[in-house]
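The values are calculated or read from the model by the stated rules, or taken from the named source; none is laboratory data. Please read these numbers as outputs of a predicted model, since none were measured by experiment. All Cβ positions, glycine included, derive from the backbone under ideal geometry; neighbour counts span all protein chains shown.
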Amino acid sequence: MNYIEQTCKSVERRDGCEPEFIQAVKEVLDSIRPVMERNKHYVEANILDRIVEPERVFMFRVPWQDDNGKIYVNRGFRVQFNSAIGPYKGGLRFHPSVNLGIIKFLGFEQIFKNALTTLAMGGAKGGADFDPKGKSDNEVMRFCQSFMTELQRHIGADTDVPAGDIGVGAREIGFMYGQYRRLRNEVTGVLTGKGLGWGGSLVRTQATGYGLTYIVEEMLRDAGSSIEGQTVVMSGSGNVAIYAVEKVHQLGGKVVTMSDSNGWIHDPDGIKLDLIKDIKETRRSRIKEYASEVKGAAYTEAGGDTVWTVPCDIAMPNATQNELNGDDARILIKNGVKAVGEGANMPSTPEAVQIFQNAKILFAPAKAANAGGVATSGLEMSQNSMRTRWSFEETDTKLRAIMQGIYKQCKQSAEEYGCSGNLIAGANIAGFIKVADAMVAQGLV
Ligand code: NDP
């Protein structure tokens, strides 16, 4: 058994009840085979066994009270995976599906994604199995305050800087930041995604969706095409999806589907984004309402056909992990899809990824494609440290340049290691080498 297989087996043995984490580890290790063959010093340093083990894991009780005084307990997590290249950085997810394995998979991915941005950020992730949906603002506030009462012991502007993710948007970041400030008597950039009036960065809200669209545009341009005039099928209707729609429309493409966990909409004339923002950001309601307010739009309940059955040129899975499977990939290819850009983390199953690769579909993997969010969080940290604020245009220009840089790194690394055109391998290789080199240089860490 070779070194990579041995490491995978050991992860399976020790973390057998964490399938998403095992999936993420296997994907990364599989694509760095040529790196390990060419760089024996990584083997001697046993870098793989070290990199798959988090530096630190926190798991804690989060008690809170609803508006009727009833007491609940949720489970909170923070996995500080790797700080070899900078302070831990990665979002917080509030969703009933959250468990240690999900947070470990996200934290592991975050290490390499953050390395790709070229900013000094280590990898971490956190969250809770709490569902903000259907809760009042006061209930969400009480939960966030309780969550931060424990988390504040483990984070700080120079150690670990969390951000948002599924279920954690501007409202939740505000409540958590307020509690941190109150407990620590410190006004620092300890969270990113803050409000613009209290340390937030312009473009952070838009960053992941815009960044995704920029990298897909770059990939298409390299192939002699562009987003202009293309039909895009998308899942999700949260932060990533909303701003991906905005940028695709600005670049002349047309998004025709969006979804939430209850179902999806199809509007052949193109999604009316103002209405989506109103439904999702103001009313905090279900996407179904779109179809009853827009003539010609259709709604399909979750559980039957998916958005991926709608013919398109470009597919962007922007909801959650493993949401696009082998059957979906086959239908997309049959219907003529030319490019896939992953906005969500690990949204395509391994089978779907293989099918896209066999069919030579242009494929921008999550680690590279959704790095715009954390990159702009990095820019928010820089602005906080400098006590300055950049304009929208300046920040957006930096974001675009970072995404173009990520594309270039992935492409070059793939070429250098004999897998030209494979951006999955390229992203894993480029991110891995940067972190592994830092770990080797720092001794036995
Ligand atoms: P939001 O909470 O804003 O939106 C998530 C969207 O996905 C909602 O439409 C939600 O529907 C849907 N969704 C979530 N879970 C499921 C599920 N199990 N089944 C079906 N639909 C689901 O999250 P974000 O937009 O921030 O995040 C989306 C993805 O992008 C995640 O994978 C996240 O990790 C990734 N990401 C986000 C970044 C960011 O900056 N926000 C940065 C990098 C990656 P519903 O409202 O019904 O739950």
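Conditions (1) aromatic (Phe, Trp, Tyr); (2) over 30 Å from Val98 (Cα atoms); (3) more than 23 Å from the chain's Cα centre (by Cα); (4) within 16 Å of the ligand (Cβ to nearest atom), marked per residue:
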residue: Met234; (1), (2), (3), (4): no, no, no, yes
residue: Ser259; (1), (2), (3), (4): no, no, no, yes
residue: Glu281; (1), (2), (3), (4): no, no, no, yes
residue: Asp305; (1), (2), (3), (4): no, no, yes, yes
residue: Trp308; (1), (2), (3), (4): yes, no, no, yes
residue: Asn322; (1), (2), (3), (4): no, no, no, yes
residue: Asp327; (1), (2), (3), (4): no, no, yes, no
residue: Leu332; (1), (2), (3), (4): no, no, no, no
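Out of curiosity, is Leu362 at pLDDT 95 or above and either among the β-branched types (Val, Ile, Thr) or farther than 24 Å from Gly90 by Cβ (or both)? Judged against the criteria, Leu362 is a match. Looking across the stretch 108-138, just one residue is part of a strand (DSSP E or B), closer than 27 Å to Arg286 by Cβ and away from the ligand (no atom under 13 Å from the Cβ), and that is Ala128. Total residues in the stretch 160-179 satisfying the condition of being more than 15 Å from the ligand (Cβ to nearest atom) and touching a strand residue (DSSP E or B) at 6+ places or on another chain (Cβ under 7 Å): the figure is 1.
Annotation: of all residues in the stretch 293-303 being among the aliphatic types (A, V, I, L, M) and loosely packed, with under 15 Cβ neighbours inside 10 Å, the one that is nearest to the ligand (Cβ to nearest atom) is Ala302. Consider the stretch 76-107 and keep the residues that are within 13 Å of the ligand (Cβ to nearest atom), in contact (Cβ under 8 Å) with a residue 40 or more places away in the chain and part of a helix (DSSP H, G or I). The one that is surrounded by the most Cβ atoms within 10 Å (Cβ to Cβ) is Leu106.
One residue stands out in the stretch 155-187 among those that are in a loop (DSSP other than H, G, I, E, B) and among the aliphatic types (A, V, I, L, M): the one that is surrounded by the fewest Cβ atoms within 10 Å (Cβ to Cβ), namely Val187. Can you pull out the residues in the stretch 101-155 that are aliphatic (A, V, I, L, M), over 23 Å from Gly372 (Cβ atoms) and in contact with a Phe, Trp or Tyr (Cβ under 6 Å, 6 or more places away or on another chain)? Within the stretch 101-155, Ala128, Met141, Met148 qualify.
Please work out which residue is nearest to the ligand (Cβ to nearest atom), limiting yourself to the stretch 209-232 and to residues that are among the β-branched types (Val, Ile, Thr) and touching a Lys or Arg at 6+ places or on another chain (Cβ under 6 Å). Out of the qualifying residues, it is Thr213. If you go through the stretch 405-445 and keep only what is β-branched (Val, Ile, Thr) and exposed (fewer than 15 other Cβ atoms within 10 Å of the Cβ), you end up with just Val445.
Residues of the stretch 188-208 that are crowded, with 24+ Cβ neighbours inside 10 Å, more than 11 Å from the ligand (Cβ to nearest atom) and closer than 17 Å to Asp158 by Cβ: Val190, Leu191.
Each residue in the stretch 343-368 was checked for being touching a residue at least 60 places away in the same chain (Cβ under 8 Å) and either buried (at least 19 other Cβ atoms within 10 Å of the Cβ) or among the acidic types (Asp, Glu) (or both), and 13 of them qualify.
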